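Written below as structure tokens is the structure these notes are about.
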Amino acid sequence: MNAQTEKRLVPGPAGQIEVAIDLPPAGVAPVGMALICHPNPTQGGTMDNKVVQTVARAFLQLGWRAVRFNFRGIGQSEGAWDEGRGEVDDALAVLDAVRVPGEALVLAGFSFGGYVASRAAQRLAEPAQRLVLVGPATSRFDTAPVPADTVVIHGEVDDVVPLSSVLDWARPQSLPVTVVPGVGHFFHGQLPLLKSLVVRAFDPARA
């Protein structure tokens with residue numbers, strides 16, 4: 001994604017997992033690590049998805065190192081689609097391989113990746129500092145309940161995951177959802193706004 005992107009393969013439960021680590025500028029100590037999960041691999045989702053890269057850029061601006069990875073069977077990642085179960089295992093394997101002990105952690109995901117992030121968060125020994133879910137696939141996958149400070153951003157006219165589905169999921173949790181008017185699932189034409197919303201949620205002064 002930029003000159004400071006490091007690519008590597010790490011061990012996972014179904015074989016090697018392809019990882020890209022985007023680093024803040026040289027000389028800047030990272031605030032922590034943001035793990036960003038990509039959309040549904042069966043529908044063309046990869047770690048290079050534009051929404052995933054936009055979220056990564058937001059965290060870079062905030063001084064975090066942004067970690068993207070390909071789920072099993074995508075790119076150089078080994079294995080095959082496991083309907084969401086093994087993909088949660090993949091996310092946790094990347095955390096084990098890349099996270100520095102004690103490092104602050106944010107889990108983020110777009111669409112199917114939001115489901116994965118929600119489920120991975122449940123299995124952490126120590127809770128993540130925060131979750132960021134963009135267009136979470138609540139109508140297609142059993143997205144877990146999340147902490148009250150989770151950032152949820154959804155397009156008003158999302159034609160893949162209806163806004164009503166996200167509100168139905170959020171309502172029992174009294175969880176606020178930021179709705180972007182007139183925007184579909186992939187935030188076409190509004191990626192700069194998406195980046196700004198993520199940055200503003202963590203540090204309003206930087207937005």
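The values are calculated or read from the model by the stated rules, or taken from the named source; none is laboratory data. Quick caveat, the model's predicted, so the values are computed rather than measured. Glycine gets a Cβ as well: all are built from the backbone with ideal geometry, and neighbour counts include every protein chain shown. Side chains included, ligands, DNA and RNA excluded: accessible areas come from the protein's heavy atoms. Shrake-Rupley method; radii C 1.70, N 1.55, O 1.52, S 1.80 Å.
Apart from one condition, residue 57 fits all of (1) of a type in the set (D, E, K, R); (2) open to solvent by 60 Å² or more (accessible area, probe 1.4 Å); (3) in a loop (DSSP other than H, G, I, E, B); (4) under 28 Å from residue 154 (Cα atoms); the exception is (3).
For residue 83, the stated conditions hold: it is of a type in the set (D, E, K, R), assigned to a loop (DSSP other than H, G, I, E, B) and open to solvent by 40 Å² or more (accessible area, probe 1.4 Å).
Taken together, 159, 168 contain a single residue that is open to solvent by 40 Å² or more (accessible area, probe 1.4 Å), part of a helix (DSSP H, G or I) and on the phi < 0 side of the Ramachandran plot, which is 168.
Here residue 111 meets the list (1) at positive phi; (2) open to solvent by 40 Å² or more (accessible area, probe 1.4 Å) almost entirely, failing just condition (2). Can you tell me which residue is surrounded by the fewest Cβ atoms within 10 Å (Cβ to Cβ) among those in region 171-207 that are part of a helix (DSSP H, G or I) and modelled with pLDDT under 95? Taking the candidates together, the pick is 205.
Taking region 175-201, which residues are under 14 Å from residue 133 (Cβ atoms) and hydrophobic (A, V, I, L, M, F, W, C)? Let's see the steps before the verdict.
Initial filter on region 175-201 (under 14 Å from residue 133 (Cβ atoms)): 175-180, 185, 187, 194, 197-198, 201.
Residues satisfying the conditions are 175, 177, 179, 180, 187, 194, 197, 198, 201.
In the set 139, 118, only one residue is open to solvent by 10 Å² or more (accessible area, probe 1.4 Å), touching a residue at least 12 places away in the same chain (Cβ under 8 Å) and not aliphatic (A, V, I, L, M); that residue is 139. For residue 51, are the conditions met, namely being assigned to a helix (DSSP H, G or I) and buried (at least 21 other Cβ atoms within 10 Å of the Cβ)? For residue 51, the condition - assigned to a helix (DSSP H, G or I) and buried (at least 21 other Cβ atoms within 10 Å of the Cβ) - is met.
For every residue, the table says whether it meets (1) of a type in the set (Asp, Glu); (2) farther than 21 Å from residue 137 by Cβ; (3) crowded, with 17+ Cβ neighbours inside 10 Å; (4) in contact with a strand residue (DSSP E or B) (Cβ under 7 Å, 6 or more places away or on another chain).
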| position | (1), (2), (3), (4) |
| --- | --- |
| 15 | no, yes, no, no |
| 22 | yes, yes, yes, yes |
| 40 | no, no, yes, no |
| 43 | no, no, no, no |
| 73 | no, no, yes, no |
| 76 | no, yes, no, yes |
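I'd like the residue in region 90-108 that is surrounded by fewer than 18 Cβ atoms within 10 Å (Cβ to Cβ) and of a type in the set (Asp, Glu) and, out of all such residues, is nearest to residue 152 (Cα to Cα). This residue is 103.
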